[in-house]
There are 4 protein chains.
Amino acid sequence: MKNFKSFASDNNSGVHPEILQAMIDANSGHAIAYGNDYYTKSAIEKFKVLLGNNIDVYFVFNGTGANVVGLNTITNTYNSIICAETAHINVDECGAPEKNTGCKIIPVPTNNGKITINLIKQHIKGFGFEHHSQPKIISITQATELGTVYTPDEIKELTSFAHKHNMLVHVDGARICNAAVSLNLDLKNITTDVGIDILSFGGTKNGMMYGEAVIFFNKNLSNNVKYIRKQSMQLTSKMRYISAQFEALLSNNIWLKNAKHANKMAKLLSDKIKDIHRITITQKVETNGIFAIIPEKYIPIIQKEYFFYVWDEDKSEVRWMTSYDTTEQDINNFSAFLHEVIV
Amino acid sequence: MKNFKSFASDNNSGVHPEILQAMIDANSGHAIAYGNDYYTKSAIEKFKVLLGNNIDVYFVFNGTGANVVGLNTITNTYNSIICAETAHINVDECGAPEKNTGCKIIPVPTNNGKITINLIKQHIKGFGFEHHSQPKIISITQATELGTVYTPDEIKELTSFAHKHNMLVHVDGARICNAAVSLNLDLKNITTDVGIDILSFGGTKNGMMYGEAVIFFNKNLSNNVKYIRKQSMQLTSKMRYISAQFEALLSNNIWLKNAKHANKMAKLLSDKIKDIHRITITQKVETNGIFAIIPEKYIPIIQKEYFFYVWDEDKSEVRWMTSYDTTEQDINNFSAFLHEVIV
Amino acid sequence: MKNFKSFASDNNSGVHPEILQAMIDANSGHAIAYGNDYYTKSAIEKFKVLLGNNIDVYFVFNGTGANVVGLNTITNTYNSIICAETAHINVDECGAPEKNTGCKIIPVPTNNGKITINLIKQHIKGFGFEHHSQPKIISITQATELGTVYTPDEIKELTSFAHKHNMLVHVDGARICNAAVSLNLDLKNITTDVGIDILSFGGTKNGMMYGEAVIFFNKNLSNNVKYIRKQSMQLTSKMRYISAQFEALLSNNIWLKNAKHANKMAKLLSDKIKDIHRITITQKVETNGIFAIIPEKYIPIIQKEYFFYVWDEDKSEVRWMTSYDTTEQDINNFSAFLHEVIV
Amino acid sequence: MKNFKSFASDNNSGVHPEILQAMIDANSGHAIAYGNDYYTKSAIEKFKVLLGNNIDVYFVFNGTGANVVGLNTITNTYNSIICAETAHINVDECGAPEKNTGCKIIPVPTNNGKITINLIKQHIKGFGFEHHSQPKIISITQATELGTVYTPDEIKELTSFAHKHNMLVHVDGARICNAAVSLNLDLKNITTDVGIDILSFGGTKNGMMYGEAVIFFNKNLSNNVKYIRKQSMQLTSKMRYISAQFEALLSNNIWLKNAKHANKMAKLLSDKIKDIHRITITQKVETNGIFAIIPEKYIPIIQKEYFFYVWDEDKSEVRWMTSYDTTEQDINNFSAFLHEVIV
């Protein structure tokens, strides 16, 4: 099986044709390595158009790299990072944040992947007490790992709270475009305008081949990032190929179209299966993921035809992700198959 | 200046057309992320054909990543790693090996980038003495950062010596193909056959876009590598695009043709400029780099037209690198320009 | 105020006279540094008499050092360590375990500081899945940070569970003597006999000046510890002075008498104040600590006379610790004062 | 053999009687843990009397701890630390500096353990170039590991050079008192007055039981040190016992008398053996160590009676250290024995 359609993750999809074309177009002659090239300058300009001029942008290889390079740049080893228990930095990065930053990760249980002041405030303490890791970062994921979305007001509440305590807000935006689309807002409205300090801007899950961006909204925070990126093995020599991808992603609203389509496909699937009463959808379908409890015995039967992950074995909860390249036909087929199997 | 020809580094060049085509061909449908895909299996098979079946292969993003993931997998934090003073792991990775492995790097001065038992033996001591970092790794670069090449016998001497002391030999093979071509040998002859333990196999400097391979020649050493690769932020989700590149590189002898051509261009350049008596070539031109002392005043004049690095400011020594895509015309032009300027 | 009686912690007390005398006696002539001395050999023998011959013992400076050196020796950076949310390694070591081992700490909420299989089993998963930190250690504190004690059966259940999953059990025994005394058991009964793998044996809180021991119950685990102890800055040059303390502590049952007395004083205090109905004792008084909720307004009044810590500001919960040198008179005075203040 | 006289190291000696007495005197009643006690305040005042008021003082357990806590506080992970090849931080700390700070150590060969601008200037480069570890620290040892001493002018030259490059100077002062005595200067003259930034002030090798001080000469550098000390496992709970030792050491000129005596004994030994023509003393005897080449065959014979280290096996060079408690009789006996053996 060389190529197939899966509902496992938006990173099972390929590269969007216009993005791939931009890479092909960039493949001409020599370019100075490590970012001092035409494409990189141009891609950074595109980001400034979208997010405002007062940002600093650094490209890295992957999402874990973006999170770790960003967090490492703005923390000391004795800090703590507070996040939802379900956060990618907590459960899906094999301990990379701890190993690389030295910080303590404080995971907070949530119902929907979203943290609130109420949920975290018990951990905002011990400032100046040398026995405790010093709270420094509130890290949220937008959209969350459960497909839900923070509203601008919800984010603003967290950034105000954080800044009041001399803390910073980090956003893991592996699916930031899906969130913006879901809220029907500009990217700026959920980042620059609501006071976040640093963002991992995701490209790979929205149609790129590889490449993410670490974006600082406060230039005082980024002084050391270039050394940390290099020391973290996240500096690519032929950077033009990441930059060309971002340039394409941010042109012609591809970022928006891709995310919009992925979100729409998830909504379509959830609509089509809501009449299967043995399927319980457990989270609001706000972006491109569906979380559903289904009778355990059906899971292997469905997985024989479609690749996807069991999210929570104990609850028999599965995750189905759509992507920019999921077609209505894919959804129809999958829905029909689910109707057929789950009786 | 969007595209230009430089003699700065073989990583200023673009992607070889057949490799790019392979990436385009891989861009069809979905593929399971993180390496459990058709392309990755196939690329690993290609490596086994070249290097023997008893290897373990893991793809990573870049050269520093390959060195660090490899070294981290086979060391404890209290070990030392002995290498030439000029080694990439010593001077060009911003301390990534120390930060990520915790190990001590022991740099050894050399004349030509190549270490010998004589040069390193004073550091092979203190075994069992807890105050000293415990010697564990001899790391060589093949071809070296100075463009020179270890013969199979030279390597074998080092691997025998290392194994006798329960140490391991790591090869930074960012330009391993250039070395094989220079020696007119198979890749196997300078790796598997001479007892090295682990290799960073370079792709990017030989015509790939990104992607390197960590290759273990002893499967007992690779038990933990998959966790270390992930924790080191070197696991790509859409791995098929690295794999497709390697598959192409290792097909139709592209690895060999590219390296051979790059080496040939360096030789051509050195031949063409040897009559400029104010240029002193300081290292044997065995692969694709030329190291030369030129009068200081000419450097900025030449750099105005051609991008390259000053290797050693104190000595007024420069480095000119050729690449798989350097043309004879490029060499003729550059040589003519040098003749014109340096009088 | 040079000297005073506090209920803040058992580390506010001084050195037991017999232990101090042993240090004075050791202060004669030269001794080989770093542990190759008479006193160290002798102290290790004392440990073997108490815990069995099949142990490996290494002395370190302090409790955080013991925990970190021990955990670092038996983990890889990509492992996870599961412990109670209240564990010293989680909240009182300023992130030293994360920084030094690279591991993820997974904190588990408990009612009484004691973890059970039920509480932790949701975290024992993802074996072989490279995106997750690999579960390796169950770390318990005996006696717990809340003064409670694990029974031998409770420990055995955890060690069996751990070993079934190829995991190991670490015991933070800063107050292991208080636990043994509380259970009226030998130290061996709650360590060697119940299958624990590694123990931080506390000396400082039981009458020593400084010094703790890392004890391995499986000699296969301790191969690298001497390098890790040194690299962790926990190897003392004049080791005889730690060793002489341990020798004294383990002679004439001082370890037992000290712990017994401290426990008894806590019980006495709890008995004497149980009639103050505005004090709610929140944890069983099984060792030498009392946790109590008292009306907030009284706390500063009491703290003006007696030094102690507020344990949980939100709940107005305080912690009162007794020590080997707390006298009945101290308890009587403190109890009388509490009766006077809290009305 | 419980007690004996050795020439192995000044850390084979015991505790000076006045210092031990101070510890005994401090053993009365309770004291707040972790440094907020009478003794600690008093000891810090003593340091200020000697070195000036503009210092910050932090006590730690041992010399490696002092070096690492100090260096870690004033570096970022991507910095480099330049030191003599023979420096304790380079060869005697099992890689603790690399593991704990993440920095690169750049060892510089010297003849006598002392670095100069000329010896290090080739490494002061690459500022702003992200591929290179960024030079930040020049670390010198005073007195050096070879028993030699930097003059105030030599230090001033290094500090001026360092500050001109935005770098800092760290002094490993495990034997700083021996150096001051050798120069016949106050401690202030070779620290505060010559612009050093941070000092590891040694106690253990000059008559203390354990305990060293990290001293910052620029208070802007010490903001984070308390967290780093704790996270580095170098914060002792019963700090009064380190503080009482320092208070005693800095009272009645004990620091001076001890160091003076140790130095004098080394001079005496060197005078007494200079007529043994088969002994070649290889370094100036400026403090309390003698480095000598002797015929290899005599070494085991001498070691049978006296414990000492072979410094360089290849050269058959040994090290003999004297201590504050070495007596003239010890020297006479040892000298007589050497005369008898080496014929």
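The values are calculated or read from the model by the stated rules, or taken from the named source; none is laboratory data. Note that the structure is predicted; figures quoted are calculated from it, not measured. Note that each Cβ is placed from the backbone with ideal geometry, even for glycine, and that neighbours are counted across all protein chains shown. All accessible areas refer to the heavy atoms of the entire protein, side chains included, with ligands and DNA or RNA removed. Shrake-Rupley method; radii C 1.70, N 1.55, O 1.52, S 1.80 Å.
Filtered by the rule that a residue be touching a residue at least 40 places away in the same chain (Cβ under 8 Å), open to solvent by less than 20 Å² (accessible area, probe 1.4 Å) and at the interface with another protein chain (Cβ under 7 Å from one of its Cβ atoms), segment A:27-38 gives A:Ala31, A:Ala33. Please verify whether segment A:312-322 includes one or more residues that are hydroxyl-bearing (Ser, Thr, Tyr) and at pLDDT 95 or above. Yes. When you scan segment A:254-269, do you find a residue that is assigned to a strand (DSSP E or B), in contact (Cβ under 8 Å) with a residue 60 or more places away in the chain and surrounded by fewer than 21 Cβ atoms within 10 Å (Cβ to Cβ), even just one? No: zero hits.
One line per residue, one yes/no per condition, for (1) within 18 Å of A:Ala26 (Cα to Cα); (2) in the same structural domain as A:Trp311 (by TED's automatic domain parsing); (3) at pLDDT below 95:
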{"position": "A:Asp197", "(1), (2), (3)": "no, no, no"}
{"position": "A:Lys205", "(1), (2), (3)": "no, no, no"}
{"position": "A:Ala213", "(1), (2), (3)": "no, no, no"}
{"position": "A:Gln234", "(1), (2), (3)": "no, no, no"}
{"position": "A:Ile242", "(1), (2), (3)": "yes, no, no"}
{"position": "A:Asn263", "(1), (2), (3)": "no, yes, no"}
{"position": "A:Ala266", "(1), (2), (3)": "no, yes, no"}
{"position": "A:Arg278", "(1), (2), (3)": "no, yes, no"}
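Note on segment B:286-301: residues that are open to solvent by less than 20 Å² (accessible area, probe 1.4 Å), farther than 26 Å from B:Ile19 by Cα and either outside any helix (DSSP H, G or I) or in contact (Cβ under 8 Å) with a residue 40 or more places away in the chain (or both) amount to 5. Looking at segment C:109-123 only, could you name the residues that are in contact (Cβ under 8 Å) with a residue 60 or more places away in the chain and either surrounded by fewer than 20 Cβ atoms within 10 Å (Cβ to Cβ) or not in a loop (DSSP other than H, G, I, E, B) (or both)? Of everything in segment C:109-123, just one residue is in contact (Cβ under 8 Å) with a residue 60 or more places away in the chain and either surrounded by fewer than 20 Cβ atoms within 10 Å (Cβ to Cβ) or not in a loop (DSSP other than H, G, I, E, B) (or both), namely C:Asn112. Of the residues making up segment C:7-15, none is assigned to a loop (DSSP other than H, G, I, E, B), over 30 Å from D:Tyr306 (Cβ atoms) and touching a Leu at 6+ places or on another chain (Cβ under 6 Å). Within segment C:238-249, is there a residue that is within 26 Å of C:Thr64 (Cβ to Cβ), among the hydroxyl-bearing types (Ser, Thr, Tyr) and either surrounded by fewer than 18 Cβ atoms within 10 Å (Cβ to Cβ) or in contact (Cβ under 8 Å) with a residue 24 or more places away in the chain (or both)? Yes: one or more hits. Take the conditions outside any helix (DSSP H, G or I) and closer than 28 Å to A:Asn76 by Cβ and apply them to D:Phe47. Does it pass? No: the conditions fail for D:Phe47.
When residues in segment C:139-170 are screened for being on the phi < 0 side of the Ramachandran plot, over 12 Å from the mean Cα position of the chain (by Cα), open to solvent by 10 Å² or more (accessible area, probe 1.4 Å) and not small (Gly, Ala, Ser), 11 of them pass. Which members of segment D:211-241 meet the condition of being under 17 Å from the mean Cα position of the chain (by Cα) and either on the phi > 0 side of the Ramachandran plot or β-branched (Val, Ile, Thr) (or both)? Matches in segment D:211-241: D:Gly211, D:Val214, D:Ile215. Here segment C:73-90 is the region considered, the condition is being within 19 Å of D:Leu235 (Cα to Cα) and of a type outside the set (Val, Ile, Thr), and the residue that is nearest to the chain's Cα centre (by Cα) is C:His88.
Of all residues assigned to segment B:16-26, none qualifies as being at pLDDT below 95, at the interface with chain A (Cβ under 8 Å from one of its Cβ atoms) and surrounded by fewer than 23 Cβ atoms within 10 Å (Cβ to Cβ). Exactly one residue out of A:Ser9, A:Ser42 is within 29 Å of A:Asn288 (Cβ to Cβ) and within 7 Å of another protein chain (Cβ to nearest Cβ): that is A:Ser9.
Filter segment B:124-138 for residues that are more than 9 Å from chain D (Cβ to nearest Cβ), over 25 Å from B:Tyr150 (Cα atoms) and open to solvent by less than 40 Å² (accessible area, probe 1.4 Å) and give the result. Passing the criteria: only B:Gly128. For A:Phe7, the criteria (1) under 28 Å from B:Asp10 (Cα atoms); (2) surrounded by 24 or more Cβ atoms within 10 Å (Cβ to Cβ) hold in every case but one, which is (1). Among the listed residues B:Ser316, B:Ser335, which satisfies the condition of being touching a residue at least 60 places away in the same chain (Cβ under 8 Å), open to solvent by less than 20 Å² (accessible area, probe 1.4 Å) and not hydrophobic (A, V, I, L, M, F, W, C)? When all the criteria are applied, what remains is B:Ser335. If you filter segment A:58-108 down to residues that are part of a loop (DSSP other than H, G, I, E, B) and within 9 Å of chain C (Cβ to nearest Cβ), you find that the one that is surrounded by the most Cβ atoms within 10 Å (Cβ to Cβ) is A:Cys94.
Is it the case that C:Asp325 is within 14 Å of chain D (Cβ to nearest Cβ), open to solvent by 30 Å² or more (accessible area, probe 1.4 Å) and either outside any helix (DSSP H, G or I) or farther than 24 Å from C:Asn62 by Cβ (or both)? So C:Asp325 passes the test.
Cβ-Cβ distances below 9 Å connect no pair with a first residue in segment D:66-83 that is more than 17 Å from B:Glu98 (Cβ to Cβ) and outside the structural domain of D:Ala213 (by TED's automatic domain parsing), a second residue that is buried (at least 24 other Cβ atoms within 10 Å of the Cβ) and among the basic types (Lys, Arg), and a separation of six or more residues or different chains. Restricting attention to segment B:302-322, the residues that are in a strand (DSSP E or B) and away from every other protein chain (no Cβ under 14 Å) total 1. Does A:Gly126 satisfy the criteria of being in a loop (DSSP other than H, G, I, E, B) and either free of Cβ contacts under 8 Å to residues at least 24 places away in the same chain or out of contact with any strand residue (DSSP E or B) (no Cβ under 9 Å at 6 or more places or on another chain) (or both)? So A:Gly126 fits the description; yes. Selection of segment A:197-232 for residues being open to solvent by 20 Å² or more (accessible area, probe 1.4 Å), within 11 Å of another protein chain (Cβ to nearest Cβ) and either in a helix (DSSP H, G or I) or of a type in the set (D, E, K, R) (or both) yields A:Lys205, A:Lys226, A:Tyr227.
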